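Read through the structure below, which is laid out as structure tokens, and then see the notes.
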Amino acid sequence: MVIAHEDQDNSHPYWYARVIGIFNADICYRDPESGNVDTQHMDFLWVRWFGRDPTYRSGIDAHRLPRIGFVPNDDDFAFGFLSPEVVLRAAHLIPGFAHEKTQDLLPNDENNLDWRYYYVNIFVDRDMFMRYSGEGVGHKST
């Protein structure tokens, strides 16, 4: 779960992703002007992004949990990399059992069926609930 970078009025305050892999690397950078080489350690996450279901009204006022689903693999932003520093916390996702599993989102993998939708459990603990209700000190109001 990371802070969303959207400016729309009705946008969801968070983006969600499933971590596929955790990596670290020593990166070498050569300054084009001076020619100096600098080595830096970097940690990063390989993720598969979830997208919010725009047809589903959710939140505290709607009395419904937010519903998300995997971004289809043909979308340029279905997979990506993140710095672990931007991750707020883990989120508890509940599979949408009524919507069954699908292979449409990752069609080239015959052994991989994904749930069509997941629900974000905003009541998993106090911190998560305060993030969504906006009543906690330092929490962004949703």
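The values are calculated or read from the model by the stated rules, or taken from the named source; none is laboratory data. Remember, predicted model here, so these are calculated numbers, not experimental data. Neighbour counts run over all protein chains shown; Cβ positions are idealised from the backbone, glycine included. Keep in mind that these areas ignore ligands, DNA and RNA; they rest on the heavy atoms of the full protein, side chains included. Shrake-Rupley method; radii C 1.70, N 1.55, O 1.52, S 1.80 Å.
When residues in the range 8-34 are screened for being within 22 Å of L65 (Cα to Cα) and assigned to a loop (DSSP other than H, G, I, E, B), 7 of them pass. For the range 83-110, a residue qualifies if it is aliphatic (A, V, I, L, M) and open to solvent by 30 Å² or more (accessible area, probe 1.4 Å), and the qualifying residues are V86, V87, L88, A90, A91, L93, I94, A98, L106.
Contact annotation: no residue pair with Cβ atoms under 8 Å, 6 or more positions apart or on different chains, pairs a residue in the range 1-21 that is charged (D, E, K, R) with a partner that is open to solvent by 60 Å² or more (accessible area, probe 1.4 Å).
Applying a threshold of 8 Å to beta carbon distances and a minimum spacing of six or more residues, or different chains, the list of pairs starting in the range 56-70 at a residue that is at negative phi and ending at one that is assigned to a strand (DSSP E or B) and modelled with pLDDT under 85 reads P66/G59.
Residues are listed down the side, and each one gets a yes or a no for (1) of a type in the set (F, W, Y); (2) surrounded by fewer than 17 Cβ atoms within 10 Å (Cβ to Cβ); (3) at pLDDT 90 or above; (4) touching a Pro at 6+ places or on another chain (Cβ under 7 Å):
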position: Q8; (1), (2), (3), (4): no, yes, no, no
position: R18; (1), (2), (3), (4): no, yes, yes, no
position: D26; (1), (2), (3), (4): no, yes, yes, no
position: P32; (1), (2), (3), (4): no, yes, no, no
position: N36; (1), (2), (3), (4): no, yes, no, no
position: I60; (1), (2), (3), (4): no, yes, no, no
position: P66; (1), (2), (3), (4): no, no, yes, no
